[in-house]
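The values are calculated or read from the model by the stated rules, or taken from the named source; none is laboratory data. Being a predicted model, the structure only gives us computed values, none of them experimental. Glycine also receives a Cβ, built like all others from the backbone with ideal geometry; neighbour counts cover every protein chain displayed.
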Amino acid sequence: LTKAVVLLSGGADSSTMLAMAIHDHQIPAKEILCLSLYYGQLHSLEIDAAERVAGHYRCEHVVKVLPREIFEGGGSTIMQKDSVEGAEMPHMTYKEIAEDEGVSPTYVPFRNGNLLSAATSIALVRKAEAVYFGAHAEDARNWAYPDCTPEFIGAIANAIWVGSYHKVRLVTPLEWMMKKDIIWKGHKLQVPFELTMSCYEGLSPACGKCPTCVERLEAFKTNRLHDPLPYAEGVLV
Ligand SMILES: [Zn+2]
């Protein structure tokens, strides 16, 4: 691969994926376009984090806006409150969400299908040969987020390849990794975790209670690493 679009949310996962594209896959940083999409998510501070992370690696960063009306009425707790019914953020882990067996409260209807379609259009225009997508095994577990599963990835990878005149490949380096493996990998590649941002509440200092905060803290603890992010008072880091 010589040129790629990396979907960069600014969280720990996509930042680690960016480091893998550069260090493991040997794509020159100047040939990587980091793409952040704003679709009305609460955690839009993540986009500032994405800007910092892309800057750290000296990659180009672009932010595009998807019309938030697409997801209106979807009820996801990660969306800005004026576009949904104002549900409370659940204080639960991904594991609990997955065991719940219904639709995850943080699921945005087919969000990743939309993000990947936009990324593929941009990749074609910019003559990039790959789109990097940071879905991981913990998101996919028990179908917590169906648009993160290997089944979804396989299907949409095929659609991207066929629909782009065989010019764009989907690359998903985190597909079979759990969160703790991603944090460890990022640690080894010296990802600047202090620049990232994961909180679904979109808070800084991070809330420490929403599903992504809980999983992130757990993953650092499991690896006996210190999470450099500032957290709200009382959160055990
Ligand atoms: Zn949080």
Which is buried (at least 21 other Cβ atoms within 10 Å of the Cβ) and not basic (Lys, Arg), of Ser198, Ser204? Ser198
Regarding Ala219, is this residue of a type outside the set (D, E, K, R), within 15 Å of Asp13 (Cα to Cα) and either in a loop (DSSP other than H, G, I, E, B) or touching a residue at least 40 places away in the same chain (Cβ under 8 Å) (or both)? yes
Which of the residues spanning segment 178-237 are within 15 Å of the ligand (Cβ to nearest atom), more than 17 Å from Ala137 (Cα to Cα) and among the β-branched types (Val, Ile, Thr)? Thr196, Val235, Val237
The residue from Ala118, Ala140 that alone is at pLDDT 95 or above and within 25 Å of Ala12 (Cβ to Cβ) is Ala118
Output the number of residues of segment 17-48 satisfying the condition of being over 10 Å from the mean Cα position of the chain (by Cα) and assigned to a helix (DSSP H, G or I). 12
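One residue is enough: does segment 179-195 have a residue meeting the conditions outside any helix (DSSP H, G or I) and of a type in the set (A, V, I, L, M, F, W, C)?
yes
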If you check Lys167, Lys209, which single one turns out to be closer than 15 Å to Leu116 by Cα and not in a helix (DSSP H, G or I)? Lys167
Please specify each residue of segment 7-51 satisfying the condition of being more than 26 Å from Gly73 (Cβ to Cβ) and among the hydroxyl-bearing types (Ser, Thr, Tyr). Ser14, Ser15, Thr16
Cβ-Cβ distance below 7 Å, separation of 6 or more or different chains: which pairs start in segment 196-211 with a residue that is within 19 Å of His226 (Cβ to Cβ) and end on one that is within 8 Å of the ligand (Cβ to nearest atom) and acidic (Asp, Glu)? Cys207/Glu201
